[in-house]
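First up is the structure itself, then whatever we jot down about it.
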Amino acid sequence: LHLIFPEDWTFGRVRLGTGSKFDVIPVYSGPEGDRYALWTTATSATGKWVRFDVPQDQVELVDILKDESHFAKSNVSKTGWMKIVIDGPKEDGAAPKRYQLSLAGTMIMEGDPDDEETSEVSFVEYPKEEDDKIVKISFVKA
């Protein structure tokens, strides 16, 4: 499953075949750890930041880098796989809950074409046990 930003949608979707391409950009380093952001490349939406909208269970593209675009890397493996962890909204001065980006394809059926898409992007509380729906990203050098 891949995250894609089709031209005719205002938010990210899940695709069976190939997805959108991103650069992972370091944006912050501090006592609570390093933070990164995703910058779109090689798509119709090149040059936009990915914003994680936890309350709406959506990812969207924005022109200006926002705090909601920042994420931490987690469970980075020796083979380059990792999870995207996002801080949720701050509530009443308490530390924000943390969430993991999750993609599901339950609406995609066996035999569907590679360009089949669904809106099953969501966030699950972090940490969570291993789950096929938790997004693990692999870095590929271009």
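Looking at 93, 88, just one residue is among the small types (Gly, Ala, Ser) and within 14 Å of the chain's Cα centre (by Cα), and that residue is 88.
Candidates 89, 31, 26: the one that is over 24 Å from residue 128 (Cα atoms) and modelled with pLDDT of 80 or more is 26. Candidates 60, 68: the one that is surrounded by 17 or more Cβ atoms within 10 Å (Cβ to Cβ), assigned to a strand (DSSP E or B) and of a type outside the set (Phe, Trp, Tyr) is 60.
For region 21-47, a tally of residues being farther than 16 Å from residue 71 by Cβ and touching a strand residue (DSSP E or B) at 6+ places or on another chain (Cβ under 9 Å) returns 7. One residue stands out in region 1-50 among those that are assigned to a strand (DSSP E or B) and of a type in the set (S, T, N, Q): the one that is farthest from residue 72 (Cα to Cα), namely 41.
Of all residue pairs spaced 6 or more apart or on separate chains, those with beta-carbon atoms under 9 Å, a first member in region 17-34 that is closer than 30 Å to residue 115 by Cα and a second member that is modelled with pLDDT of 85 or more and open to solvent by 50 Å² or more (accessible area, probe 1.4 Å) are 22/39; 23/39; 24/39; 24/73; 25/39; 25/65.
The values are calculated or read from the model by the stated rules, or taken from the named source; none is laboratory data. Worth saying up front: this structure is predicted, and the values here are computed from it rather than measured. When we count neighbours, we look across all protein chains shown, and the Cβ atoms used for this are built from the backbone with ideal geometry, even at glycine. The protein model used for the area step is the full one, side chains on, heavy atoms only, and it has no ligands, DNA or RNA in it. Shrake-Rupley method; radii C 1.70, N 1.55, O 1.52, S 1.80 Å.
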